Amino acid sequence: MKTIQIIFTLLAFAFFSNAVFSQLSSGRIEYDRTIYWTKIMDELPYLSKEELARNKLTWGKDDKYTTQYSLIYNQNASQYIESEIQKEKSDQWSWRKEQLNYYLDLEKKTRSDLVEMPDKIYYVESPEPSFKWKILSEIKEVSGYVCMSAETIDTVRKHKIVAWFTPEIPVSSGPEWYSGLPGMILELDIQNGSCVITATNIIKDPVNQTPTVPARKKKYKIIDLAKLHELQTSYINQCILSRRNPYWNMRY
Amino acid sequence: MRVYNYLIITMVLSFWVGLGNAQSSNWQIKGNVTDTSSSPLSLASVMVLHPEDSTLVTFVQADQKGNFTIKNLKSIPYLLKISYVGFLPKNIAVTPVLGEAILDLGQIKMLEISKELFEVVIKTAKAPMTIRGDTIEYDATKFKVPQGSTVEDLLRRLPGMEVSADGTISTEGQEIRKVTVDGRKFFGGDPKSATKNLPAEGISKVQLFTEETEEKKLTGASSTPPEKMMNLTLKDEFKNGSFGKLIAGGGTSERAELKGNFNKFNESMQLSIIGSGNNTGRNGLGWDDYQDFRGSQSFNWNDETDFGFGGGNDFMSFSFDDENSMNSSFFGGRQTGLPINGSGGLNYSWFNDKTEINSVYFYNYNKLFAEAIRTQENYLPDQYFKNNDSTTRVTKNMGHQALFRGEHKFDSMHTLVVNLNGQLSNRLNNHFGNLQYSRANGIISNLTQFDNSGETNSSNGNGSAVFRKKYKNKGRSSGISTVLSRFDGQQYNEIESENNFFIIASVFDSLYTIRQTNETNNQNLLIKSSIMHVEPIGKKFFSQTFYNFSRRIEQSDRDVFDQQDQNEIRNDFLSRDYSNIIQTHRVGTSLRYSHQGTNVSIGLARQIFNLNGEFNGGVTNSIDRQFQNWIPNFSFNSSVRKNQHLHANYSVSAREPKIQDLQPIIDNSNPLYIRIGNPDLIPQIDHRLNFGFRKSNPINFTNFSINLYGNFSENQFVLEQNVDSNLVTTARIINYKGLKGTGSWLSYGFPIIKTKLTLNLSYNLNISESFALVNSFENETFSITNGGNVNLNITPNETISAFLSARISYSDTKYSIESSQNQQIMTQNYSASINVKLFWGILASANFNYDRFINDRFDFSQEVPILNASVYKVFGKNNHFETRISVYDIFNRNLGVNLVANGNIVSETRTSTLRRYGLLSFTYNIRGISNKVNQRNNYYH
């Protein structure tokens, strides 16, 4: 019993000292983004309860798919991209990669994102969106950091977003397009666990890795965030009317 | 009036200005964050929230000494939330005081979280903690307990919780006297009965409350401390679900249907029961029922045992095999005739993180009564004859099937899949009737009466195992598989026929009577094994090497007895036995390029067949042959751009001759159509080429695809027929020049009005050249088929939908023997399905199908319009019930007609079939029934 107490004390010490002395203002965070397809189907209004139960029964046991993303950040900016190494990638079959490059300039408070829509790739330039974050009273640990929770609404997809952020990394950014909290977001829970993005590894001060603005190419159509949201809303509405799942072709 | 308007505007304006003044953004809040011993907590976070909904306004970080200042705040009340790792976040409500620009909160002391609790909850269980004031709650499900544990076992693991030997629960030294489940009392509220009986797996949250005593509530003061109580929240419905339905219907013409299923499932098991019976041939089992019955085992990965050029590692297997009596109950086609079907089964699956076990039992029964009248015209190079047959067939099938599947993941690198399948089946068959042959001038040449009956019993068992291994070196993998399968069949037949042959002018020539019984015993044994290895070459290339081995042993013993004056005499000419061994080796390798959405593979294999046969029957014969073939393979797949896909494939396959075609057996069960075997057959080689491109635009809801194919065969198995002057046909399979075919398929779909009106168009072209041999003449058939499809989906609103379709196909066939036989056939199909919501919640749907068939050469045309319609209403609490009135084949035009025109044969078969009937049915569905109009013409979600 005594040994356990000693271990606890040591652990606690290591943990607290870490919190006090290190300020992680630059680095790279690796995220696992897991999507649960049968949970997503729950939000399709045209499916009957019986069809939903059938989906759960057939696919529910094995419906998750995980992709890896990296967030490269410093005090001035952050960049969110798909990771080089994909754990679940088929060994022998290469699928097309989604074009994704989300850049947040923390000084100018602007975003420059490469966003893939079902028809084409857009270059979205906009001021940093102001999320209406509601601070919750839960805390938990993510990848060694104690996080507080905050909640907001994705107004386009009508999803409840719960973010777990750590004041220990005093950079107001996070995965996907979320930011604006007093610390780095290490976990996102979208729509009660339909999609969970969680930090798996936090690398401090990596050499030669600084966030870079995605290159503008002629083939990308430049729009602002309002226009993107308009396109997305209209696409979701039409898909639902046509009894199709919008998220087969659009990022959840 | 105008004055009032001005007044109001002025008032509103002044109000806004006043508000603006009151909220001028220059209020400051400052303070100093420390722990209880006044040591500064440097870099603590301070958040400013709106007090109503806790939304974040702004945030700052304290300096090294724990000091912070928040500037430029509006003069309104806020909630400050101060947080520091390892401490309870502190909430402070602040209100501006008129005239004071700076609010100094002074020293703010933070309370430390008990280190043990913090470590156990946060670090070990990774459970979120909820902080309400000075108390902490946490999610119980994050604390792992072994399967079958009770809530009591779970509570023992929770920090700060004590469970004594007699089950008394206490926390912070205080006994918990009240336990509720989902807020309700459990068995009179005795905490022990709940915690000792409820399974831990069913619990999602353990909540601890402090309940104010009645005394405190009334007086505001209490002599006793507040009571602790516990609430257990049960897991949500879907994780622990059940669903099912029962449909019963009865109607005119003595028709009835009954179908039901029930499913229960949770995170570690699935149980389902299904049953169906009908004499309508309709409303049997389908896709949905298959998924409901098999659940997570509907589709399985990694079951493939034959490794080859394909992806090898990750693909899904699903078999529509007719031999599988269970799958044919779900997916078997509709039979013409009058059917009686019944089936039922039980499926149970159990799984944990590493192991999955599935077992199934399925029983099926079907009986079919079919009276058929067939007219067939035969055009031979030197003669013409016509068949007029009138036959009745009664078949009864019964089958039992048991399946077992087990999958075990030893770790992330090693997987084993075992499949076992056992089947027993019994088939009774009775076929009797009259056959009439006549020549060109209508003169009858032959009259036959026959009555054949038989029984077949078979048992079939097979087992397979696949072991796959991945290596640390990404992309390297191996697999090994083995299959063992055994089939035993006993067949007993009684054949009776009387054949009257006539010479010209209907003069009776001869009578040939057959009265035989025969008994056949078949035994097949199959052993297969495959190995495969994939080796990465750099990051983009892989090499894949495989070896397949297969050994099939087929044994058959057939005894034929002639019935002569009550005596059975063995017919040595027709009795026979044989045993064959077919052994195949295939070894091959391929190189694959796989990068950025492009996959290219090129490979070559060598295939060796060894055929060994022993034949006894009248003559003794043995065969010992070996064939060797090269099998090349190429495939290209690319989807470089989103929603665009391009593929091209070339594949070759070798087919060994069938055993019954290889041995010189004379099958005279139909004395006018005798089949003989051909021991000289060699494998048929099929070459296939395929090219396709598809593109879709999900924003515009358009899609386009094109497919081109070509195929040709070498040494094709072709039927050779010889017809003698008595019009007795002798047929055998020979190797002959191959079939050639090419064609294309094009489709385009687009919305005319988005989400309301969608049009899909498709066109297909097929050109083929094939050969048949009749009386030593080569008959080359060359045919071109053009076909088109138009589909219109109309979904204007929630109350009506219609799906219309038109399909037209025109084929032009030319024969080399005689151009007068050339023919053009046009088939047309029009269908419409309409769903509509009527009044009082009543829904209606109608399906109309119209088939039209025109053959110019025979001046033949036929039209079959079928209309089915039903009205139904969903009712009851949560829409659990449905009642439905349906009428099938309203026009009473169902003919059960099958028309065939190919080669030198044109035939029409009419089978007695079920015509117009009405049906009243009731449905009960546990999950409720949708009372929306069906707006989908497809099944993917």
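Points to keep in mind about this one:
- Its alpha carbons considered, segment B:363-517 gives a radius of gyration followed by a Dmax of 26.8, 85 Å.
- In terms of overall dimensions, the C-alpha atoms belonging to segment B:761-825 reach 65, 17, 15 Å along their principal axes, ordered largest to smallest.
- Against chain B, whose longest principal axis is taken from its Cα atoms, helix B:2-22 shows a tilt of about 70°.
- Descending semi-axes in whole angstrom, ellipsoid equivalent of segment A:207-252, from the Cα gyration tensor: 30, 14, 10
- Using C-alpha pairs under 8 Å with a sequence gap of at least 6, the mean separation divided by the residue count of segment A:130-206 gives a relative contact order of 24 percent.
- Peptides B:270-276, B:637-643 ordered by average Cβ neighbours within 10 Å, highest first: B:270-276, B:637-643
- Just so you know, the averaged projected area of the alpha carbon convex hull for segment A:103-220 sits at 8.6 nm².
- Computed label-point distance, nm, for sites A:D224 and B:K658 using a 7 Å Cα→Cβ extension: 7.2
- The length gained by stretching the chain between B:N849 and B:Q862 to full extension, at 0.36 nm per residue less their Cα-Cα distance, is 3.3 nm.
- Summing +1 for each Lys or Arg and -1 for each Asp or Glu among the other residues whose beta-carbon sits under 11 angstrom from that of B:D451 gives -2.
- Mean projected area of the Cα convex hull of the protein assembly as shown, taken over all directions, amounts to 63.1 nm².
- Rounded, prolate or oblate (a/c below 1.5 giving rounded, otherwise prolate when a/b exceeds b/c) for segment B:383-424 by Cα gyration tensor: oblate
- Chain A shape via C-alpha gyration tensor axes, a/c threshold 1.5: oblate
- Directionally averaged shadow of segment B:687-833, computed from the convex hull of its alpha-carbon atoms, nm²: 12.3
- Computed Kirkwood radius, in angstrom, where 1/r is averaged over Cα pairs of segment B:537-596: 16.7
- Local charge for B:P698 was computed over the other residues whose Cβ lies under 10 Å away, with Lys and Arg +1 and Asp and Glu -1, and equals +1.
- Too-long pairs where the Cα-Cα distance tops 18 Å, listed order kept, from A:K61/B:K409; B:K81/B:K205; B:K30/B:K71: B:K81/B:K205
- Evaluating 6.51 cos²θ - 1.76 cosθ + 1.60 at θ = phi - 60° for every residue in segment B:860-874, the Karplus couplings come out as 10, 8, 8, 10, 10, x, 10, 10, 10, 8, 8, 10, 8, 9, 9 Hz, glycine and proline recorded as x.
- Net length gained if the chain between B:I794 and B:L920 were fully extended (0.36 nm per residue, minus Cα distance): 42.5 nm
- Karplus 3J(HN,Hα) series, Hz, for segment B:91-105 with 6.51 cos²θ - 1.76 cosθ + 1.60 (x for Gly, Pro): 9, 10, 7, 10, 10, x, 9, 4, x, 9, 7, 10, 10, 9, 7
- Mean Cβ neighbour count within 10 Å, used as a protection proxy, ranking B:404-416, B:513-525 highest first: B:513-525, B:404-416
- Averaged over peptide A:141-147, the number of partner chain Cβ atoms lying within 10 Å of each residue's Cβ comes to 4.
- q = 0.08 Å⁻¹: log10 I(q)/I(0) that the Debye formula gives for chain B, counting C-alpha atoms only: -1.08
- Folded to 0 to 90 degrees: helix A:225-241 orientation relative to chain A principal axis, Cα: 60
- Rounded FRET efficiency, nearest 0.05, which uses the C-beta distance separating B:K877 from B:S193 and R0 of 35 Å: 0.65
- Computed Kirkwood radius, in angstrom, where 1/r is averaged over Cα pairs of segment B:746-941: 20.2
- Relative packing of A:114-126, A:140-152, which averages over residues the other C-beta atoms within 10 Å, highest first: A:140-152, A:114-126
- A simple spin-label model places pseudo-atoms 7 Å from Cα toward Cβ; at B:T620 and B:L484 they are separated by 3.3 nm.
- Each label was represented as a point 7 Å from its Cα along the Cα-to-Cβ direction; for A:I236 and B:K109 these points are 4.8 nm apart.
- Partner shielding of A:173-182 amounts to 2, given as the average count of beta-carbon atoms from other chains within 10 Å of each residue beta-carbon.
- Shielding of A:128-136 by partner chains, average beta-carbon count, 10 Å: 4
- Between B:S459 and B:A165, the FRET efficiency from the beta-carbon distance, with R0 = 56 Å, is close to 0.45.
- FRET efficiency for B:S242 and B:K396, using Cβ-Cβ distance with R0 set to 56 Å, rounded to 0.05: 0.95
- Close lysine pairs were tallied over segment B:625-761: pairs 8 or more places apart or on different chains with Cα atoms under 24 Å apart number 6.
- Rounded to the nearest 20 debye, dipole of the protein assembly as shown from Cβ charges on Lys, Arg, Asp, Glu: 3660
Read-outs: derived from the displayed coordinates by stated rules, not from any lab. All values derive from a computational prediction rather than experimental measurement. Here Cβ is always computed from backbone atoms with ideal geometry, including for glycine, and neighbour counts include all displayed protein chains.
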